[in-house]
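Heads up, the thing below is written out as structure tokens.
Where a number appears in this text, it was derived from the coordinates with a stated rule and is not lab data. Being a predicted model, the structure only gives us computed values, none of them experimental. We place every Cβ from the backbone using ideal geometry, glycine too, and count neighbours over all the protein chains shown.
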Amino acid sequence: MPIYEKTSFGALLTMAAGGIDAYSYLFHGEVFAGLQTGNLILLGVNLGQGDFSTSLHYVISILAFFVGTILIRLWQRQPRFTQPDPVRKQWVLAYESGLLLLTALVANLVPSVLVTVLLSFAAAAELQEFRRLNGGPFTPLMMTGNLRTLAETTIDALVYHDSQALQKLKATGAIMLTFGLGACLIALTAPWLHLLSILVPAAILLCAWMMLIGHHSYNR
């Protein structure tokens, strides 16, 4: 199994994803960068209340995520990157980390909606490229499906003593825990780092990038 499908690697991705969404919500108009289901709900609520100016912020994030996904898909369709080679994943991680570093540089200089666009591009890149964990489907940004899996595997493992379900239970629990931990790290560092707290998920992604680089070099 490639390292980018292992639980330890997926945990870094979800930790970063939780941090990105917490940062965008806390500092940039209570808009999510990756959790577009939440943005759709908030868009509907604000439209229903007649708050069209706030609604626009959610529309921009949704569109940015859409465009960001298209950009990565075009990248994936390039002849040299059509195979799920770790090199492509290294480039996507570098791209995502670069967007977060750019966010740290410009967050004080540009409107929040533009920062949200950068963050949505980053979140879209992660979701589009990293879609498998331990041989199964994986969504590093959305925890509802993982919560369902956690409940299912809890029953299968503890009541029916299914060993495979137990392994999946441990992996899913780790993924959900690290997603929440990423958000927690933003809340903890925000009083000191303020807008620069986006450097926390950027550092986490760089750790994932170095893990991928090191593993690929070792196995060449």
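Can you give me the angle between helix 52-76 and the longest principal axis of the chain, using Cα atoms only, in degrees from 0 to 90, rounded to the nearest 10?
40 degrees
Once amide H atoms are placed 1.01 Å from N in the peptide plane, what residues at a sequence separation of 5 or more from residue 132, or on another chain, have their amide H within under 5 Å of its amide H?
138
For segment 4-112, what is the per residue volume of the convex hull drawn over the alpha-carbon atoms, in cubic angstrom?
With only Cα atoms used, segment 4-112 gives 114 Å³ per residue.
Output the relative contact order of the chain, whole-number percent, from Cα pairs under 8 angstrom with separation of 6+ residues. It would help to have the intermediate numbers written out before the result.
Details: 305 pairs, mean separation 80.1, N = 220.
For the chain, the relative contact order is 36 percent.
Specify which residue in the list 128, 87, 34 is farthest towards the positive end of the charge dipole of segment 33-133, using unit charges on the beta carbon of Lys, Arg (+1) and Asp, Glu (-1), about the Cα centre.
Value computed over the given set: 87.
Dividing the alpha-carbon Rg of the chain by 2.2 N^0.38 Å yields what?
Rg over 2.2 N^0.38 Å, computed on Cα atoms: 1.04.
Measure nothing but the geometry: give the 0 to 90° angle between the long axis through the Cα atoms of 112-129 and the longest principal axis through the Cα atoms of the chain, rounded to 10°.
The helix 112-129 is inclined about 20 degrees to the chain.
Could you give the nm distance between label points at residue 63 and residue 132, where each point is 7 Å from its Cα heading toward the beta carbon?
Each label point lies 7 Å from its Cα, and together they span 3.5 nm.
Using the count of nearby Cβ atoms within 10 Å as a rough guide to exposure, how do 60, 41 rank from fewest to most?
Starting with the residue having the fewest Cβ neighbours, the order is 41, 60.
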